[in-house]
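The values are calculated or read from the model by the stated rules, or taken from the named source; none is laboratory data. Everything numeric in this text was worked out from a predicted model, so none of it was measured. Backbone-built Cβ (ideal geometry, glycine too); neighbour counts: all protein chains shown. Heavy atoms of the whole protein, side chains included, go into the accessibility calculation; ligands, DNA and RNA do not. Shrake-Rupley method; radii C 1.70, N 1.55, O 1.52, S 1.80 Å.
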Amino acid sequence: AARPARPDGGIAGRCHRDDPVMSGEVVAIYCASSSGAEVVARSEATLEAGRGIVGDRYWGQDPDAQITLVDADVIDRINARTGWSLTPEQTRRNVVTRGVDLNRWERSRFRIGDVELEGVELCEPCAGLGALLATPDRSAAEVVRALAHRGGLRARILVGGHVRPGDAVSDLEG
């Protein structure tokens, strides 16, 4: 069920940039074994500090993109606005959250369960993702525009561990 909008355009019940504490949860984890391979749901992922998700296509590849995240609420809002039926899985991001403003953590530290991460940059959609999600009813350019500044977050893993659906996602205190 959709949550009502706040006067500032946010979603009621969601935290926004000025909130002192923000928390949500992991709702899904996806990995692909190689570039272009199908993403596969996992019940648990091992996050290795400085390397990435063990078994994922980007493990050990890019220190600034060890893990990618997207918030399911954002995808829900895009679908409500456009009439599309995109799923978070289709964005090919590793971790799907609910109830957090991932953009807030760009250049900030946060945690998933006991794992500590640092947001590096927004995970802007590329032309390849646009083409992958294009249909006769939506062009690649429309997909890229819809996901611009809403496509998730790239992060570094500072303290590794295991992540599972249901784990809390929150600000690092202190």
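Values computed for the structure shown
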{"read-out": "Residues of segment 69-78 satisfying the condition of being out of contact with any Pro (no Cβ under 9 Å at 6 or more places or on another chain) and closer than 16 Å to Leu129 by Cβ", "value": "Leu69, Ile78"}
{"read-out": "Per-region count, segment 37-73, residues hydroxyl-bearing (Ser, Thr, Tyr), assigned to a loop (DSSP other than H, G, I, E, B) and open to solvent by less than 70 Å² (accessible area, probe 1.4 Å)", "value": "0"}
{"read-out": "Total residues in segment 141-174, condition charged (D, E, K, R) and part of a helix (DSSP H, G or I)", "value": "2"}
{"read-out": "Residue match in segment 107-130 (condition: under 20 Å from Arg92 (Cβ atoms) and among the basic types (Lys, Arg))", "value": "no"}
{"read-out": "Neighbours by Cβ (under 8 Å, 6+ apart or cross-chain): first from segment 47-64, closer than 14 Å to Ala37 by Cβ and without any contact (Cβ under 8 Å) to a residue 12 or more places away in the chain; second assigned to a strand (DSSP E or B) and among the hydrophobic types (A, V, I, L, M, F, W, C)", "value": "Trp59/Ile53"}
{"read-out": "Hits in segment 159-169 (condition: surrounded by fewer than 17 Cβ atoms within 10 Å (Cβ to Cβ) and farther than 16 Å from Ala28 by Cα)", "value": "Val159"}
{"read-out": "Qualifying residues in segment 87-140 (those that are in a loop (DSSP other than H, G, I, E, B) and among the small types (Gly, Ala, Ser)) - the one farthest from Leu69 (Cα to Cα)", "value": "Ser139"}
{"read-out": "Exclusive hit being touching a strand residue (DSSP E or B) at 6+ places or on another chain (Cβ under 7 Å) and closer than 22 Å to Glu142 by Cβ, set Asn103, Asn79", "value": "Asn103"}
{"read-out": "Hits in segment 74-112 (condition: under 20 Å from Ala32 (Cα atoms), among the polar types (S, T, N, Q), open to solvent by 10 Å² or more (accessible area, probe 1.4 Å) and in contact (Cβ under 8 Å) with a residue 24 or more places away in the chain)", "value": "Gln90"}
{"read-out": "Filter pass, Glu116 being charged (D, E, K, R), exposed (fewer than 13 other Cβ atoms within 10 Å of the Cβ), in contact (Cβ under 8 Å) with a residue 40 or more places away in the chain and within 28 Å of Ser43 (Cα to Cα)", "value": "no"}
